[in-house]
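The values are calculated or read from the model by the stated rules, or taken from the named source; none is laboratory data. These numbers were taken from a predicted model, which means no experiment stands behind them. Here Cβ is always computed from backbone atoms with ideal geometry, including for glycine, and neighbour counts include all displayed protein chains.
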Amino acid sequence: MTVKTNPWPRRLAIPGVVLACAGALLGASALPGREHVPRAMNILLMGTDERDVISDAEKQQFHAGGQPCGCTDVLMLIHLSAHRDRVSVIGMPRDSAAQIPPYRQGAGAGERPPHPAKLNAAFQEGGPELAVATVESMTGVNVDRFVQVDFRRFMDTVNEAGGVEVCTPRRLRDSATGLDLTPGKHRLDGGRSLQYVRSRHVDSSADLGRIQRQQRFLVQAWRELQGRGLLGDPGRALHLARTLLGSGPQGFSLNELVQEASALRGLPPSATEFTTVPISGFAPASLGIGAALTWDEQKADALFAKVRKDQPLVAPNANPRPADPPTVLGSTVPVRGSAYACT
């Protein structure tokens, strides 16, 4: 048995850790030459730890050195509603206990059977296709496309957009990344934004706190694009899209991306929603995969059932508030993007 392939083009080489997500939201359009039929779209955002794309000076300045493992440090499932009037984003901790499905290791190498591992190891073992297959098997959600991310395109795109303003009610300090933000608002350039979205040693919430900060960044990045008129100006949008997409193969053209950006430029933060997969505890040592988190199967199944049915995660007229920092165990409450927006 081989890892299944999907007829929709998946390899959207759109780097840029979180602004790439915005590109994914805008670029997931109908295939060229086909009549558009409203349908939901699921995109897997993967941020890898590869860092050879930035200079040694940048590695030192932004504390981005170290030895990469070729894993995915960011995994978010992005759901676009069929009528593109709602976007749902679900974070999946990189250290989630997973069952890697069977896959062929290469020509003549035979098939590796299913086995336990941390979720971020799927990319390391079999690249984006295996990462997608693993997420599909864990969630029951069909992934139509994926987005790959690297440090260079993230930094360049943030700089091209003029930076992103973030806000925090408490001090955020992480010696591993060099992040040090006092309470209040801060405008971050590409390098400092990289520190912000990578930090996971701010408090005891670890990766769950990092996921929440990444989602806060997503909301603010989208507001920056809207507020600066970058999505409504064809020339500026095209230039930003070139920075975002780079020169690699794409599943859509620059013009398509700009057209989608223009069509969705008015989507408010209240029409977006964010959450993290509910966690029930820690994986047993007998699995032999190290310290790993286990999903709350019942709550996770209910969450992904809503995605499969194209239903909102937040009840109509509800406006829940996020815990900051998030709790390590227990149910995470889906919130509207407006709850993450700076005021």
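Which residues, taken from the stretch 297-343, are of a type in the set (Gly, Ala, Ser), under 30 Å from PRO183 (Cβ atoms) and in contact (Cβ under 8 Å) with a residue 12 or more places away in the chain? Hits for the stretch 297-343 are GLY330, SER331, GLY337, SER338, ALA339, ALA341. Keeping to the stretch 93-112, report how many residues are part of a loop (DSSP other than H, G, I, E, B) and not polar (S, T, N, Q). Total meeting the criteria: 10. Of the numbered criteria (1) over 30 Å from MET155 (Cβ atoms); (2) polar (S, T, N, Q); (3) modelled with pLDDT of 90 or more, the one SER55 fails is (1). Scanning the stretch 146-165 for residues that are more than 13 Å from GLY190 (Cβ to Cβ) and surrounded by fewer than 23 Cβ atoms within 10 Å (Cβ to Cβ) returns a single hit, GLU165. Picking from residues in the stretch 180-216 that are among the hydroxyl-bearing types (Ser, Thr, Tyr) and at pLDDT 95 or above, the one that is farthest from GLY91 (Cα to Cα) is THR182.
Matching residues to (1) touching a Leu at 6+ places or on another chain (Cβ under 6 Å); (2) surrounded by 15 or more Cβ atoms within 10 Å (Cβ to Cβ); (3) at pLDDT 95 or above:
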site	(1), (2), (3)
ALA241	yes, yes, no
GLY248	no, no, no
ARG265	yes, yes, no
PHE274	no, yes, yes
THR294	no, yes, yes
ALA300	no, yes, yes
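If you go through the stretch 179-222 and pick out every residue that is in a helix (DSSP H, G or I) and on the phi < 0 side of the Ramachandran plot, you end up with 25. If you go through the stretch 64-92 and pick out every residue that is modelled with pLDDT of 95 or more and part of a loop (DSSP other than H, G, I, E, B), you end up with 1.
Among the residues of the stretch 131-166, those identified as under 22 Å from TRP295 (Cα atoms) and modelled with pLDDT of 95 or more are ALA133, THR134, VAL135, GLU136, SER137, MET138, THR139, GLY140, VAL141, ASN142.
Reported count of residues in the stretch 35-90, each being surrounded by 17 or more Cβ atoms within 10 Å (Cβ to Cβ), on the phi < 0 side of the Ramachandran plot and of a type in the set (Lys, Arg), is 2.
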